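What follows is a single structure, written as structure tokens, with notes after it.
Every number here is computed from the coordinates shown, using simple stated rules; none is lab data. All of these numbers come straight from a predicted model, not from anything done at the bench. In this analysis, Cβ positions are derived from the backbone assuming ideal geometry, glycine residues included, and neighbour counts consider all displayed protein chains.
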Amino acid sequence: MRRVATFILLLAFAGPALAQVTGSVGGPLPKLKPAATVAGDLVRIGDLVENAGAVAGTPIFRAPDLGETGAVEAYRVIDAVRAHGLTGVDSLGVSEVVVTRPGRIVTLKDIEAAVARTLAARYGFGDIRNLAFTFDRDARPIHLEPSASADLQPTRVAYERGSGRFDVTYGLSGSGPMRDTQVRYTGSVVETREVVVLAHALARGETVKQANVLVERRPRSELSDDMSEQVADVIGLAARRPLRAGQPLRAADLMKHEIVQRGDPVTLVYQVPGVFLTMRGKALESGAEGDLVSVTNGQSKKTLQGTVSGPGRVTIASTVPHLDQAAAPSVQSDTRGK
């Protein structure tokens, strides 16, 4: 923890000095402690000096903040206790006394989680892990006495769903100076969702690889329902169009690899009950498996539409094989179903 650089001297010279207090003959001598743990806002003589006798309960310094540790030089302690009549303190070679004030810490993560739970309970948010907060000013950890509860009890809650603005006040339970303490947090909150985004730009037809994508949380209001949420769903697919870095991926942005290229020769397949016919053709469009593309019949020169069914292969959906007589010599017929 951070070391407190200075201690504030209290009452060291207030009023006349008391009669000198020293160790009696045969009795224990006052000795400087190398370290001390204190409770409360004040450091007393007995916290820093053993065998302080009647002045042990006299406060001489302000304590470090809750949860902090500081150090005070030995000569300052000896000067301070001398002002209260305690002399003959043996420093035992100690150059400074390390003073710790224990405390419980409510961390920033705890604060954010408390605000999330409060808003979710009052305003029906879903999974609080999907909430992202922006505080108006830097939220700081809260330090409590060791005996105090770390639970934040909301005393005032306000939220505007349209703007996402929140204003929440918490009371700190416990005793002593923290009893009536309240802390207030204001800011904005948005619901988020995990989506797959591109780490690098992709050209049309380029394959999506593990190194190309990452998962990020984005505001739900900026996303559509067809955004990809799982990396496994996009790996191995190809970009349907040029895609920029940082872009959330949609199903419409990706496709299977094109196995038919525009201008390439293809095999046209006509399949009807009992008949299986093939002939040569030419692709007028590129397409992946399952895509509907335009092709030219190599014999009739007619433009048809068919579904890409394999590498260099397009199936023509038809109930009657539309073949010219001139195409017959190159057609294969399967009559086994007759």
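Grab the eigenvalues of the alpha-carbon gyration tensor for region 21-122, scale each by 5, take roots, and send me the semi-axes largest first in whole angstrom. Present the calculation step by step, with values, prior to reporting the outcome.
On the way: eigenvalues 318, 30, 20 Å².
Semi-axes, largest first: 40, 12, 10 Å.
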Query raised in the report: Can you list the lysines whose alpha carbon is less than 28 Å from that of LYS301, not counting same-chain residues fewer than 8 positions off?
Result: LYS282
Query raised in the report: How big is region 193-255 by the Kirkwood estimate over distinct Cα pairs, in Å?
Result: 11.3 Å
**Report entry** Pair ARG122, SER163: separation of 7 Å Cα→Cβ label points (nm)
**Finding:** 1.5 nm
Query raised in the report: Excluding LEU202 itself, what net charge comes from residues whose Cβ is under 12 Å from its Cβ, given Lys and Arg +1 and Asp and Glu -1?
Result: +3
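Based only on the alpha carbon positions, what is the Kirkwood hydrodynamic radius of region 184-290, in angstrom? Walk me through the numbers on the way to the answer.
Details: mean 1/r = 0.0608 Å⁻¹.
About 16.5 Å for region 184-290.
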Requested in this report: Starting from the Kirkwood radius over alpha-carbon pairs of region 106-191, derive D by Stokes-Einstein at 37 °C in a medium of 0.692 mPa s and give it in µm² s⁻¹.
Outcome: 246 µm²/s
Query raised in the report: How many nm is it between the label spots at ALA201 and GLN271, if each spot is 7 Å from the Cα in line with the beta carbon?
Result: 4.2 nm
Query raised in the report: Taking region 200-230, which GluC sites (Glu not before Pro) meet the DSSP loop condition and have no more than 16 other C-beta atoms within 10 Å?
Result: GLU206, GLU229
Requested in this report: First select every other residue whose beta carbon is under 12 angstrom from the beta carbon of ALA158; then total the charges, Lys and Arg +1, Asp and Glu -1.
Outcome: +3
Requested in this report: Would you mind counting up the charge near GLY312? Only other residues with Cβ under 12 Å from its Cβ, with Lys and Arg at +1 and Asp and Glu at -1.
Outcome: 0
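Looking at the P(r) of region 138-251, how many percent of alpha-carbon pairs lie beyond 16 Å? Numbers along the way, then the final one.
Numbers: 4466 of 6441 pairs.
Result for the distance tail: 69 percent.
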